[in-house]
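Single-structure report; data block below.
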Amino acid sequence: MSEEELERLRSLDWNDLGLRLLVFAKYWAKNHYFWTEGRPLAEGKSPDEIAREAISAFWGSVRKWNPKYDVLTQLKGAVRSILWNLHQKKSSKLTAPQPPEFFDLYVGEVPDAATEAASQDYCRAMFEALYKDDAVRNSDELMLIVMAYEEGAETIADVAEKTGIEAARIYALRRQLKDIKQRVLGTLDTKDGNEKEL
């Protein structure tokens, strides 16, 4: 990996990417592998572990980043492959993991219209819930940061450019926003006592 690629990856907001990847991992596990909140996947794994494994595969050089494609798209491809492998069990053992080239088949893959709509609906619901959260409503800075992410900001520099807030302040606010997002994500998953479609 070149120094330029490493710098690009380091500049990304991994808290935000991690949360988005977790949302996707839950969505994919629920819709393709009948996972429900509170019940483990095969081998006792959770969507959280799958998301972390996908990120680790790239950072550990098991999988090469492709600068032509969005980082989140590549991470989603890794999640799909990990889940697929996890459920191809024989005699309580996983099949051999797919080689790195396997991921290339999924990079940039466009999901069917229903899958894409459901995923967009969930993200839209997450942003709506963030806007309604008291902590966000009572902070102009947090509100601006949420708006920046909704508009596609990925790095601290992107957020600073869209909001006019200094990078050092964004780092502090981002820690606060991470806790808020986790709380909001939990309410979406258990809204009205029912599983919400991801």
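The values are calculated or read from the model by the stated rules, or taken from the named source; none is laboratory data. The model shown is predicted, which means the values in this text are computed figures rather than measured ones. A quick note on method: Cβ atoms are made from the backbone with ideal geometry, for glycine too, and the neighbour counts reach across all protein chains shown.
Points to keep in mind about this one:
- Test set (1) part of a helix (DSSP H, G or I); (2) within 24 Å of D70 (Cβ to Cβ) - Y131 fails condition number: (2)
- Pairs where the first residue, in the range 174-188, is over 16 Å from I156 (Cβ atoms) and the second is outside any helix (DSSP H, G or I), C-beta under 8 Å, 6+ apart: I180/D133; R183/D133; V184/D133; L188/K196
- Scan of the range 140-156 for residues that are surrounded by 14 or more Cβ atoms within 10 Å (Cβ to Cβ) and either modelled with pLDDT of 90 or more or in a helix (DSSP H, G or I) (or both), ordered by number: E141, L142, M143, L144, I145, V146, M147, A148, Y149, E150, I156
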